[in-house]
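S.K.: Here it is: the structure, laid out below.
Each reported figure results from applying straightforward, stated rules to the coordinates on display, with no laboratory input. Quick caveat: nothing in here was measured; it's all calculated off a predicted structure. Cβ atoms come from the backbone with ideal geometry, glycine included; neighbour counts cover every protein chain shown.
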């Protein structure tokens with residue numbers, strides 16, 4: 001459904017991205033920010049699903065600054081490699097790449113951002129630093145470390161109640177720090193509950209979270 005394109009960030013670095021456009025009416029545009037596993041088949045499918053819902057979706061390959069063509073498996077070696085790549089990139093360069101993706105979509109109107117796992121923490125940073133219309137964060141483990149910044153647009157967050165890497169006290173700390181941000185916690189859901197390629201996939205939680213995310217987009221991207 002989509003195609004691979006090239007983006008150029010503000011520092012001149014080029015990176016790959018996957019873009020999917022709606023066949024019929026366009027409701028808006030969203031940047032899809034990857035997990036630590038790269039712009040893999042799952043992230044491309046996420047873009048395709050948003051396109052079927054009427055949103056142009058663009059996923060920048062944030063790991064291209066370290067290694068191009070990264071698509072990791074959902075297993076322990078994949079997790080280890082993903083964490084190494086994320087650490088190598090740091091916390092500044094991905095902002096430029098997300099901005100480049102947003103600028104590529106901006107000629108068609110307002111742009112939202114959605115991200116998963118590692119990408120969700122970067123969605124929070126993007127909501128605080130970039131000119132975007134709205135943002136949705138799925139199980140962002142590092143958000144609690146970034147609460148010194150405040151979002152400049154509407155944000156919602158999704159967490160699994162049984163996420164061992166993001167315990168209830170972490171979610172409560174985020175809720176206390178940003179009381180105006182809607183935070184949804186899904187009973188029986190673990191980390192990665194939105195990904196149908198992971199053992200923690202929960203179709204019921206993923207469906208409700210998607211409905212809430214689409215409601216956010218429908219309100220702020222038209």
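S.K.: With the cut-off at 1.5 for a/c, could you classify region 58-173 from its C-alpha gyration tensor as rounded, prolate or oblate? Could you put the intermediate results ahead of the total?
M.R.: Working: a/c = 1.84, a/b = 1.09, b/c = 1.69.
The shape class here is oblate.
S.K.: Of the listed peptides 142-149, 121-128, what is their order by residue-averaged count of other C-beta atoms within 10 Å, with the highest listed first?
M.R.: Values: 142-149: 15.1, 121-128: 25.1.
My ranking of the peptides, most packed first, is 121-128, 142-149.
S.K.: What is the extension gain from residue 145 to residue 52, computed as 0.36 nm multiplied by their sequence separation minus the C-alpha to C-alpha distance, in nm to one decimal?
M.R.: On the way: separation 93, 0.36 × 93 = 33.48 nm, distance 3.45 nm.
Here the answer is 30.0 nm.
S.K.: What ranking do 3-9, 175-181, 39-45, 96-102 get when scored by the average of other Cβ atoms within 10 Å per residue, highest first? Don't skip to the answer; put the middle values down first.
M.R.: Details: 3-9: 14.6, 175-181: 13.0, 39-45: 19.9, 96-102: 23.9.
Ranked by mean Cβ neighbours within 10 Å, highest first: 96-102, 39-45, 3-9, 175-181.
S.K.: Mean residue ellipticity at 222 nm from the helices of the chain, using -39,500 (n - 2.57) per DSSP H segment of n ≥ 4 over the full residue count, to the nearest 500 deg cm²/dmol?
M.R.: -11500 deg cm²/dmol
S.K.: Classify region 105-222: rounded, prolate or oblate, from the alpha-carbon gyration tensor (a ≥ b ≥ c, eigenvalue square roots; a/c under 1.5 rounded; otherwise prolate if a/b is larger than b/c)? Write down the numbers at each step before the final one.
M.R.: On the way: a/c = 1.90, a/b = 1.28, b/c = 1.49.
Since a/c reaches 1.5 but b/c is at least a/b, the shape of region 105-222 is classed as oblate.
S.K.: Could you state the orientation-averaged shadow area of the convex hull built on the Cα atoms of the chain, in nm² to one decimal?
M.R.: 10.8 nm²
S.K.: So, R0 is 35 Å and r is the distance between the beta-carbons of residue 14 and residue 152; what FRET efficiency does that work out to, to 0.05?
M.R.: Details: r = 27 Å, r/R0 = 0.78.
For R0 = 35 Å, the calculated efficiency reads 0.80.
S.K.: Give me the extension gain from residue 71 to residue 165: residue separation times 0.36 nm, minus the current Cα-Cα distance, reported in nm with one decimal. Walk me through the intermediate numbers first.
M.R.: Values: separation 94, 0.36 × 94 = 33.84 nm, distance 2.23 nm.
So the chain would gain 31.6 nm between residue 71 and residue 165.
S.K.: Working only with C-alpha atoms, what are the Rg and Dmax values of region 11-83, expressed in angstrom?
M.R.: Expressed in Å, the Cα Rg and Dmax of region 11-83 come to 13.3, 41.
S.K.: Something else about it: Which of 131, 25, 35 moves most in a GNM of the chain, Cα contacts under 10 Å?
M.R.: Judging by the Gaussian network model, the answer is 25.
S.K.: What nm value, rounded to one decimal, do you get for the distance between residue 177 and residue 196 when each label is placed 7 Å out toward the C-beta?
M.R.: 3.4 nm
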